[in-house]
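One structure below.
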Amino acid sequence: MMQFLVDSLLRAGDLMLVTLGLSTVYAMVRFPNMAQTEYATIGAFVGLLLSGFGMPLWLCVVLSALVTGIVAVALHRFAFARLLRSSPVIAMIGSLAVAMIIRSAIQAVAGTRSERFKLPIDVPHQFMGAVITTTQIVVLAVTALVVVAFLLLLFRTNLGRSMRAVAAQPDLARACGISSGRVVDIIGFLGGAFAAIGGTLLAIGSQVHFNLGQDLLLPVFAAAIVGGLGSPIGAIFGVLLLALVETLVTNLNFGPLVGETFLYVPLAYGPAAGFCLLVVTLMFRPRGLFHSESKRV
Amino acid sequence: MAIITRRSFLATTAFGATAVGLMPKALFAQEGGVVFGAVLPLTGASASIGEDQRRGVELAVEKVNAEGGVLGKPLKVIIEDSASNAQTALNAAKKLVSVDGAKVVMGEYSSGVTVPLREALAREGVVHVNCGSSSVKLRQPGGGKAFSVIGLDDLMARFTAKALREKGFAKSAVILPNNAYGESMNVEFAKAFKEAGGEVVQTLLYTEGQSSYRRELQQVARFQPDVYLYSAYGQEAAIINREAFELGQKQTPWFGIYLTMCTSDAPKETIEGQLGSEVNFIGPDSAWYQEAYTKKYGEGFRSAFNGYLYDAVAMSAAAINKANSTDPDAVLAAARSLEFDGATGPIKLDGDNERAVQEYLRATVKDGAVVPV
């Protein structure tokens with residue numbers, strides 16, 4: 001049981017920051033940015049590059065978040081904002097094209113070979129029957145810290161109030177003197193930075209490769225939609241729920257039902273479980289579990 | 001102004017297309033050399049092995065040309081990257097045949113790529129030489145337009161099953177890639193291990209290209225095997241070894257099929273003491289090859305596979321010289337009649353043009369390097 005919880009948390013940790021960024025940015029710009037997961041790849045590669053220069057890991061994470069945040073804002077201003085004037089669908093297709101360009105560019109520069117951060121290999125800890133490494137504990141702790149810091153920013157500061165105001169009623173917010181452009185820039189930056197931190201942490205725990213963002217695309221969107229696109233709280237619960245379901249399906253032993261010792265669902269069907277969750281959620285809550293127009297963000 | 005009629009336009013276009021199609025071959029003919037092609041995984045999961053295969057090609061080209069070349073002309077081997085991907089490999093092969101005019105194409109490494117590559121080259125009527133793949137799906141009755149200089153999985157599976165039983169392992173979990181190689185090895189090993197008195201308690205055919213195999217490893221661990229038998233491509237094997245280490249699964253012995261492939265990219269502490277089976281690096285009379293390799297590259301063999309590329313190039317050259325022609329059927333007939341003394345030992349083809357006898361080694365990892373035991 002403890003291992004099941006640890007595995008679910010680790011899976012949630014993989015997806016959390018990227019999904020949080022995606023959902024929060026959606027609340028502002030009102031189109032699903034398909035390039036959001038590619039920001040995770042950019043962040044991971046920038047982090048890896050910096051660590052190659054001998055920088056401490058925490059500085060690599062901070063700088064990669066900074067660089068990727070700036071890239072995200074620049075892309076929004078110069079590409080997506082213009083496309084958005086036509087329609088959200090055009091912006092979404094544009095973001096898909098940008099995602100493919102980013103992926104190809106990374107592949108051209110870094111190659112198809114996956115790389116690792118030069119970290120010592122961890123000897124695992126046994127914790128109440130579960131196995132977890134120090135790196136995994138640190139990754140989970142940093143993820144939780146970023147999530148809590150963002151929630152405090154959102155609900156306890158003036159900037160957070162402005163963000164929520166722009167998300168809920170952009171025209172009214174402007175009439176009240178809030179600069180929506182500035183708020184969109186800040187959220188865009190945070191979205192990029194979160195994806196970069198998420199991507200770098202994921203890479204620290206596993207590998208950096210050019211397909212990292214693409215592998216995240218479907219589960220991240222599934223989690224964000226289940227939670228309710230545009231709701232950060234929804235994103236957090238969407239990720240936790242998706243991670244629990246994916247882990248549950250691949251860990252359940254169906255053997256006793258058919259008179260065998262072991263019978264597991266093949267792991268290739270793990271992602272399918274996430275999509276079943278998505279379909280069921282959309283049937284009963286078409287706008288996601290935590291969607292509420294007036295309280296968005 | 002000249003008026004272009006439909007007929008003259010079509011005629012010009014047809015002439016131009018034909019000229020462009022023939023030009024590289026014509027240019028090549030003017031140069032007066034013989035061209036082979038090699039499709040190797042220079043990038044992707046098996047990049048480390050691909051680089052080692054490339055070295056085998058280089059050594060062979062030097063040797064063949066030093067001994068007079070092919071049909072009295074210099075030999076050139078053009079190498080293309082498969083990116084460890086079947087579609088890229090097929091595009092590369094097409095280019096090697098139609099643009100470079102390659103008479104023989106060798107490659108790849110992963111059976112998942114080599115099987116479609118062999119089929120595509122058969123359609124082009126070009127000789128294919130398998131130099132790194134072992135899926136039994138490569139075996140065609142009569143051999144078609146291809147031959148192999150490396151033994152297939154049925155031979156390796158029997159060798160590995162025997163090695164495991166002699167070590168006293170009876171319950172094995174099997175981890176293999178979900179492709180033509182993994183499927184073939186899975187069937188062949190399960191059969192051979194059962195015949196040897198063992199039992200496969202669980203088989204995991206993993207999806208290639210993932211960044212983590214943690215869940216797969218945890219699922220397999222529940223079956224409590226006495227040994228994990230696995231075979232995985234360089235970087236995927238590196239992830240599997242590291243995650244198994246981090247999950248505490250290395251307290252159970254691990255046994256790698258094609259051990260140099262499994263360990264080429266893995267962190268050293270995760271593979272120390274690991275057991276495995278491997279094709280032999282060199283034949284009994286091939287110390288000269290090891291010396292040539294070490295002299296040129298300043299290190300010992302990176303993997304077991306460079307010698308097979310050497311043999312693929314050198315045996316193809318020998319077959320063309322014996323046939324005194326580059327006609328595919330004549331080359332294949334000559335290859336079948338050869339008793340070729342290669343870097344990896346004597347090579348004789350069976351009725352299906354597969355390597356009839358293949359020597360294997362039992363090996364272990366000592367101080368990060370694969371050594372025979």
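Pick from A:172, A:190: which is assigned to a helix (DSSP H, G or I), touching a Gly at 6+ places or on another chain (Cβ under 8 Å), over 27 Å from residue A:280 (Cα atoms) and hydrophobic (A, V, I, L, M, F, W, C)? Full working, then the answer.
Values: A:172 fails: touching a Gly at 6+ places or on another chain (Cβ under 8 Å).
Every option except A:190 fails the conditions.
Can you confirm whether the stretch B:143-156 contains a residue that is assigned to a helix (DSSP H, G or I), within 18 Å of the chain's Cα centre (by Cα) and among the hydroxyl-bearing types (Ser, Thr, Tyr)? Spell out how you get there, then give the answer.
The first filter runs over the stretch B:143-156 and keeps only residues assigned to a helix (DSSP H, G or I), leaving B:153-156.
Adding the requirement that they be within 18 Å of the chain's Cα centre (by Cα) leaves B:153-156.
In the following step, the residues that additionally are among the hydroxyl-bearing types (Ser, Thr, Tyr) were identified as none.
No, that holds for no residue.
Among the strands (runs of 3 or more DSSP E) confined wholly to the stretch B:216-315, which include 2 or more residues that are within 27 Å of residue A:250 (Cα to Cα) and either more than 14 Å from chain A (Cβ to nearest Cβ) or touching a Pro at 6+ places or on another chain (Cβ under 9 Å) (or both)?
The qualifying strands (runs of 3 or more DSSP E) are B:227-230, B:254-257.
Given the criteria at pLDDT 90 or above, in a loop (DSSP other than H, G, I, E, B), out of contact with any Phe, Trp or Tyr (no Cβ under 7 Å at 6 or more places or on another chain) and over 26 Å from residue B:56 (Cα atoms), does residue B:197 qualify? Give the steps one after another, and end with the answer.
Working: at pLDDT 90 or above: yes; in a loop (DSSP other than H, G, I, E, B): yes; out of contact with any Phe, Trp or Tyr (no Cβ under 7 Å at 6 or more places or on another chain): yes; over 26 Å from residue B:56 (Cα atoms): yes.
It is true that residue B:197 is at pLDDT 90 or above, in a loop (DSSP other than H, G, I, E, B), out of contact with any Phe, Trp or Tyr (no Cβ under 7 Å at 6 or more places or on another chain) and over 26 Å from residue B:56 (Cα atoms).
Touching a helix residue (DSSP H, G or I) at 6+ places or on another chain (Cβ under 8 Å) and crowded, with 21+ Cβ neighbours inside 10 Å: which single residue out of B:229, B:259 fits that description? Lay out the reasoning, then the answer.
Numbers: B:259 fails: touching a helix residue (DSSP H, G or I) at 6+ places or on another chain (Cβ under 8 Å).
Exactly one residue qualifies, and that residue is B:229.
Return only the number of the condition from (1) away from every other protein chain (no Cβ under 14 Å); (2) modelled with pLDDT under 95; (3) buried (at least 19 other Cβ atoms within 10 Å of the Cβ); (4) not in a loop (DSSP other than H, G, I, E, B) that residue B:18 does not satisfy.
(3)
Quick one: is residue B:103 surrounded by fewer than 18 Cβ atoms within 10 Å (Cβ to Cβ) and more than 14 Å from every other protein chain (Cβ to nearest Cβ)? Outline the logic, then answer.
Numbers: surrounded by fewer than 18 Cβ atoms within 10 Å (Cβ to Cβ): no; more than 14 Å from every other protein chain (Cβ to nearest Cβ): yes.
No: the conditions fail for residue B:103.
Among (1) in contact (Cβ under 8 Å) with a residue 40 or more places away in the chain; (2) in contact with a Ser or Thr (Cβ under 7 Å, 6 or more places away or on another chain); (3) exposed (fewer than 15 other Cβ atoms within 10 Å of the Cβ), which single condition is residue B:368 missing?
The single condition residue B:368 does not satisfy is (2).
Filter the stretch B:165-179 for residues that are surrounded by fewer than 17 Cβ atoms within 10 Å (Cβ to Cβ) and within 14 Å of chain A (Cβ to nearest Cβ) and give the result. Write out each step before concluding.
Quick first cut of the stretch B:165-179, residues surrounded by fewer than 17 Cβ atoms within 10 Å (Cβ to Cβ) only: B:166-168, B:170-171, B:178.
Listed by number, the residues that qualify are B:171, B:178.
Do we find that residue A:196 is under 18 Å from the mean Cα position of the chain (by Cα), closer than 30 Å to residue B:83 by Cβ, surrounded by 19 or more Cβ atoms within 10 Å (Cβ to Cβ) and not basic (Lys, Arg) in this structure? Lay out the reasoning, then the answer.
Working: under 18 Å from the mean Cα position of the chain (by Cα): yes; closer than 30 Å to residue B:83 by Cβ: yes; surrounded by 19 or more Cβ atoms within 10 Å (Cβ to Cβ): yes; not basic (Lys, Arg): yes.
Answer is yes for this residue.
Mind counting the residues in the stretch B:145-167 that are in contact (Cβ under 8 Å) with a residue 24 or more places away in the chain, of a type outside the set (S, T, N, Q) and farther than 22 Å from residue B:339 by Cβ?
At the first step, the residues of the stretch B:145-167 found to be in contact (Cβ under 8 Å) with a residue 24 or more places away in the chain are B:145-165, B:167.
Next, from what is left, pick out any that are of a type outside the set (S, T, N, Q): B:145-147, B:149-159, B:161-165, B:167.
From what's left, farther than 22 Å from residue B:339 by Cβ: B:153-154, B:156-159, B:161-165, B:167.
Count: 12.
Closer than 25 Å to residue A:108 by Cβ, away from chain A (no Cβ under 14 Å), surrounded by fewer than 22 Cβ atoms within 10 Å (Cβ to Cβ) and not polar (S, T, N, Q) - does that describe any residue in the stretch B:59-79? I'd like the intermediate steps shown before the answer.
Initially, the stretch B:59-79 is screened for residues closer than 25 Å to residue A:108 by Cβ, giving B:78-79.
Subset that is away from chain A (no Cβ under 14 Å): B:78-79.
Imposing the further condition that a residue be surrounded by fewer than 22 Cβ atoms within 10 Å (Cβ to Cβ) reduces the set to B:78-79.
Next, from what is left, pick out any that are not polar (S, T, N, Q): B:78-79.
Yes; the residues of the stretch B:59-79 include at least one that is closer than 25 Å to residue A:108 by Cβ, away from chain A (no Cβ under 14 Å), surrounded by fewer than 22 Cβ atoms within 10 Å (Cβ to Cβ) and not polar (S, T, N, Q).
If we scan the stretch A:32-50, do we find a residue that is over 15 Å from residue A:142 (Cβ atoms), free of Cβ contacts under 8 Å to residues at least 40 places away in the same chain and either surrounded by fewer than 24 Cβ atoms within 10 Å (Cβ to Cβ) or touching a Leu at 6+ places or on another chain (Cβ under 7 Å) (or both)?
Yes: one or more hits.
The values are calculated or read from the model by the stated rules, or taken from the named source; none is laboratory data. Note that this is a predicted model, so its numbers are computed, not measured. A quick note on method: Cβ atoms are made from the backbone with ideal geometry, for glycine too, and the neighbour counts reach across all protein chains shown.
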